[in-house]
Amino acid sequence: MNFNRIRTVAGLALVSALLVSPFAARAGEATEQLRATIKDFVAIINGTPVSELVAHGLPERARILVFARFDFAEMARRSLGSHWGALNGGEQGEFVEGLSQRLLASYGRTVRSNSGDNIQFKNEVREGELVKVATQVVSGSGEELPIDYRLHDVDGQWKVFDVVIDHVSLVNNYRAQFARVIAKSSVRELLRMMKNADS
């Protein structure tokens, strides 16, 4: 499996989610919580040299914000699908750790100066107990990229468990690639690869 490709897509999703300048639209509770995270995150990133971000990844304060808004455990569970139950509790924890660290490592490498970009919050749509926040990233050159965030409520906080970039789900992309590895070997071999893959 091409972990570098997965991490690049994931990194771009996180960059698009956080390292852009939002402006007002029809906002609900989930949108406002996401917007607040973005505001605090951008303040930290703007005060950190790009060379430092590339060399060392996210500052600890920024990592805390990412972990508070993204539900990596839910992303991992959905990405493994029916194979999730094949891992015991400790292995599940290791898988979540491997996935989250790879996402954050990719994020640190992908961060660049995006001062010319902004994110437009288009709308917030209820999907049963879930929420979809539809956005559109507009680059300095005017290019547009639709990015939707799917969130669920965890103790009063809306947390992202999937990112849909230009109609392609990050979770579905992971699930398909993970399934191919598992079909050729096993879920525990996938776990070993996740733990040993270069960060």
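None of the figures in this text is laboratory data; all of them are computed from the coordinates on show. All values reported here derive from a predicted model rather than from experimental measurement. When we count neighbours, we look across all protein chains shown, and the Cβ atoms used for this are built from the backbone with ideal geometry, even at glycine.
Once the convex hull of the C-alpha atoms of region 42-173 is built, how many Å³ does it hold per residue, rounded to a whole number? Could you put the intermediate results ahead of the total?
On the way: hull volume 17.5 nm³, N = 132.
Dividing the Cα hull volume of region 42-173 by its residues yields 132 Å³.
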Proximal lysines to Lys122, defined as alpha-carbon separation beneath 20 angstrom and excluding residues fewer than eight positions away on the same chain: Lys39, Lys132, Lys159
Residues Leu145, Leu87, Leu103 arranged by fewest to most Cβ contacts within 10 Å: Leu145, Leu87, Leu103
Anchor Lys195: lysines whose Cα lies under 19 Å away (excluding residues fewer than 8 positions away in-chain): Lys184
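If R₀ is 30 angstrom, what is the calculated FRET efficiency for the pair Lys195 and Glu129, using the beta carbon separation as r and rounding to 0.05?
Numbers: r = 33 Å, r/R0 = 1.09.
After rounding to 0.05, the efficiency reads 0.35.
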Extension gain (nm, one decimal) between Ser139 and Arg63, 0.36 nm per residue minus Cα-Cα: 24.9 nm
Taking Val168, Val138, Val133 and counting other C-beta atoms within 10 Å, the order from fewest to most: Val168, Val138, Val133
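Could you put Glu94, Glu74 in order, starting from the residue whose Cβ has the fewest other Cβ atoms within 10 Å?
In order of increasing Cβ crowding within 10 Å: Glu94, Glu74.
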